[in-house]
Amino acid sequence: MNLLRQHAEVQFSEEIEELKKQDSGHLPPNWHLSPQAVVTYLMGAKLKNGFEVSPKYIGDRRLMEIAVATLTTDRALLLYGLPGTAKSWVSEHLAAAVSGDSTLLIQGTAGTGEEAIRYGWNYARLLAEGPTEGALVTTPMMTAMKDGKIARIEELTRISADVQDTLITILSEKSMPIPELSTEVQAIKGFNVIATANNRDKGVNELSGALKRRFNTVILPVPDSADEEVDIVRRRVASMAKTLDLPAQAPALVEIQRIVKIFRELRSGATEDGKIKLKTPTGTMSTAEAISVVNNGLALAAHFGDGVLNAQDLAAGLVGAVVKDPVQDKVVWKEYLETVVKTREEWKDIYRACRELSI
């Protein structure tokens, strides 16, 4: 199939099947893998037979253990943190490993209504038949409850507070009342909810105390070290370049290291050695954006260059990633170029490329 992006359970089906064969741990009801095997799937490992499971999350293993353990209880899981810290990525892979299905997804927006979480109606049939089971339109949440699977909610805090609170009965009673039919949907074992939220987004609606109590929160941090972040960017760029079939050479490690260093310094407000304090841009300078900058550079190199990623290819995406506010961020970026980038002898090429675009 010529799909741009496969679901995790399809893309990594070989790994999941191999883990199933060697999984000797206790399987909670309706789980495809044991909790230990789910963590192995997320963190990566070499199995006893030599099979390599690729890491999906590069970071603190304990965070993944806490997240997986939460899903074995009656509490839902909230993955919380800055944009670009792999919340959606982890959510998808958790659902794929636990339920074999990551598609039961509700996308949170300011316009998300109760019917997206609970159920809706086919109004043509509703007018013709009245409220019947045939006129009912099921949601991913209802399907997950009936099948004992994981339901995912992206950007929970972008949903209005009154709609958020429709989750309270579902999470506490494990049931969804349908008063129009004088019935209810009761969740079977294996059902749970994974929600994601970030704390730097506009239009955030704070969760009510009642809803917070029904979630265990795992905060996903930015990568601890530069090496860890470089590894994340390298792996994701390689995977996406293969999927997109870009006719370009894999980027040199030094180019990824430079991008990651720039992002980390601007994000932290200081140079790596701590000698120079820096103004921080309005954007988050996340790992996800660093991946995007390198991918954009590869596309330029492939289609408008010689197929080898260079400073000119990186500069356009880099300036766009930093300068979100054309006034405030432009000042921050120019100051960084002149006080930091210009002084690094091995960075002359990227200084010139970025300077030309920033004038």
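The values are calculated or read from the model by the stated rules, or taken from the named source; none is laboratory data. Bear in mind the structure is a predicted one, so any value in this text is a computation, not a measurement. All Cβ positions, even for glycine, are placed from backbone atoms using ideal geometry, and neighbour counts span all protein chains on display. For the accessible areas, the whole protein counts, side chains as well, though only heavy atoms, and no ligand, DNA or RNA atoms are used. Shrake-Rupley method; radii C 1.70, N 1.55, O 1.52, S 1.80 Å.
Between Lys212 and Arg61, the simple label model (points 7 Å from Cα in the Cβ direction) yields a spacing of 3.2 nm. Rg and Dmax of the chain, based on Cα coordinates, read 23.1, 76 Å. Our summary gives the range 270-343 a relative contact order of 35 percent, counting only alpha carbon pairs under 8 angstrom and 6 or more residues apart. Computed from phi, the 3J(HN,Hα) profile of the range 38-45 under the Karplus parametrisation 6.51, -1.76, 1.60 (θ = phi - 60°) reads 4, 5, 4, 4, 6, 8, x, 5 Hz, with x in place of Gly and Pro.
What percent do you get for the relative contact order of the range 8-220 when only Cα pairs under 8 Å and 6+ apart count?
For the range 8-220, the relative contact order is 26 percent.
What does the net charge come to around Ile150 if you take all other residues with beta carbon closer than 15 Å to its beta carbon, with K and R at +1 and D and E at -1?
Working: positive: Arg75, Lys87, Lys146, Lys149, Arg152, Lys174, Lys189; negative: Glu9, Asp74, Glu92, Asp101, Asp147, Glu154.
It works out to a net charge of +1.
On average, how much accessible surface per residue is there in the range 8-220, in Å², for a 1.4 Å probe, leaving out ligands, DNA and RNA?
It amounts to 45 Å² per residue over the range 8-220.
For the Cα atoms of the chain, what angle does the longest principal axis make with the long axis of helix 61-71, in degrees from 0 to 90, nearest 10? Helix 61-71 and the main axis of the chain meet at about 20 degrees. Applying the Karplus relation 6.51 cos²θ - 1.76 cosθ + 1.60 with θ = phi - 60° to the range 120-126 yields 3J(HN,Hα) values of x, 10, 7, 5, 5, 6, 4 Hz, where x marks Gly and Pro. Report, to the nearest whole %, how much of the accessible area of the chain belongs to carbon and sulfur atoms, 1.4 Å probe, protein only. Taking all protein chains in place, the chain shows 52 percent carbon and sulfur surface.
Determine the sum of side-chain charges near Asp329: Lys and Arg each +1, Asp and Glu each -1, restricted to other residues whose C-beta is under 12 angstrom from that of Asp329.
Around Asp329, the charge tally is +2.
Taking label positions 7 Å along the Cα-Cβ direction at both Ile188 and Glu345, the computed distance is 6.9 nm, reported to one decimal.
The residues packed around Pro281, meaning those with a beta-carbon under 14 Å from its beta-carbon, carry a net charge of +2 if Lys and Arg are +1 and Asp and Glu are -1.
In terms of the mean number of neighbouring beta-carbon atoms within 10 Å, the peptides 16-25, 222-231, 81-90 order highest first as 81-90, 222-231, 16-25. Panel note: the C-alpha atoms of the range 66-215, placed on their principal axes, show extents of 48, 33, 26 Å (largest first).
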